[in-house]
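The values are calculated or read from the model by the stated rules, or taken from the named source; none is laboratory data. All values reported here derive from a predicted model rather than from experimental measurement. In this analysis, Cβ positions are derived from the backbone assuming ideal geometry, glycine residues included, and neighbour counts consider all displayed protein chains.
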């Protein structure tokens, strides 16, 4: 499984203003998610991490302000654990259906726009229920594997095995 980043197009930038086209093909939902301070979404519960998983929505998350780190878990992938230090220039992080995910903002918070692609069975009341890792052996096993790190470095997206990350960062 390869993660996808939907490119953005910065068509004008001055020292104080940026104009960008952040369109995602076939998007039919736009959510703005604001984190104040170092917020975690979804928050831990009873000392255990929680994750969202969508069955009828593909997320396309683009950082507009601040910084946001996403943890993705998918027990069906060969490499089931990914950490994405999402930077605006990476474009929109596409999170496939069935992928467990959570995000944490930097100390100054962040603003993300999610240009979702939702199918006809999408219902918000069922798509945003946090799932605890506490009783999920499959998620505990996925998170215990060496994560793949994604970051913006030297003007490009880098995919790095965690053991190599310490040498590069």
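Residue by residue through the range 1-16, note down the ones that are touching a strand residue (DSSP E or B) at 6+ places or on another chain (Cβ under 7 Å), at pLDDT 90 or above and assigned to a loop (DSSP other than H, G, I, E, B).
3
Do we find that residue 149 is closer than 14 Å to residue 88 by Cα, assigned to a strand (DSSP E or B) and in contact with a helix residue (DSSP H, G or I) (Cβ under 7 Å, 6 or more places away or on another chain) in this structure? Steps first, please.
Working: closer than 14 Å to residue 88 by Cα: no; assigned to a strand (DSSP E or B): yes; in contact with a helix residue (DSSP H, G or I) (Cβ under 7 Å, 6 or more places away or on another chain): yes.
For residue 149, the condition - closer than 14 Å to residue 88 by Cα, assigned to a strand (DSSP E or B) and in contact with a helix residue (DSSP H, G or I) (Cβ under 7 Å, 6 or more places away or on another chain) - is not met.
Picking from 28, 46, which residue would you name as being closer than 24 Å to residue 142 by Cα and touching a residue at least 40 places away in the same chain (Cβ under 8 Å)?
Working: 28 fails: closer than 24 Å to residue 142 by Cα.
Of the residues listed, the single one that is closer than 24 Å to residue 142 by Cα and touching a residue at least 40 places away in the same chain (Cβ under 8 Å) is 46.
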